[in-house]
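Visitor: Got a structure for you, written out below as structure tokens; questions coming shortly.
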């Protein structure tokens, strides 16, 4: 009986803790396969992209071209999320992971602006390890 009460008390908290923005999971899957079409659906109007210390803010269409060129030159093999979390000041999310590509491994940093049920990618960093 005690176990049942504990389960009933903690089940809602566990369910809440495991909920996240489904966009982050879709974005991770898109990174895993190099699916720029799906990934670009989550771009903000302007996206900060940093690839190997070359950092620039691009409009959505140009950001799509830049990442398409990156994926064409560095064919993704797998993306593994290492850490994800929520900003202290807001509900914005971040994700850190490793992208295994044909040219090596890249550390990926994503920053997503969350507004209601939607999330947009504000920043992507790709640093070769």
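Only the coordinates and a few stated rules stand behind these numbers; no lab work does. Remember, predicted model here, so these are calculated numbers, not experimental data. In this analysis, Cβ positions are derived from the backbone assuming ideal geometry, glycine residues included, and neighbour counts consider all displayed protein chains.
Visitor: Taking a label point 7 Å from the Cα of residue 103 along the Cα→Cβ vector, which residues of region 44-60 have an amide N closer than 15 Å to it?
Guide: 50-55
Visitor: Distances longer than 20 Å among the Cα atoms of region 21-128: what percent of all pairs is that?
Guide: Numbers: 1798 of 5778 pairs.
Here the tail beyond 20 Å accounts for 31 percent of pairs.
Visitor: Starting from the 7 Å offset along Cα-to-Cβ, what nm value, one decimal, do you get for the label separation of residue 118 and residue 46?
Guide: Each label point lies 7 Å from its Cα, and together they span 1.9 nm.
Visitor: Apply the Kirkwood formula to region 64-105: the hydrodynamic radius equals the inverse of the mean of 1/r over all pairs of different alpha-carbon atoms; give it in Å with one decimal. Provide the component values of the computation, followed by the final result.
Guide: Values: mean 1/r = 0.0841 Å⁻¹.
It is 11.9 Å.
Visitor: I've got another one for you. Rank the residues 49, 96 as a footprinting-exposure proxy: fewest other Cβ atoms within 10 Å of their Cβ go first.
Guide: Final ranking by Cβ density, sparse to dense: 96, 49.
Visitor: What ranking do 66-73, 52-59 get when scored by the average of other Cβ atoms within 10 Å per residue, highest first?
Guide: Ranking, from highest mean packing down: 66-73, 52-59.
Visitor: Using Cα centres only, tell me the gap between region 32-59 and region 107-122 in whole Å.
Guide: 11 Å
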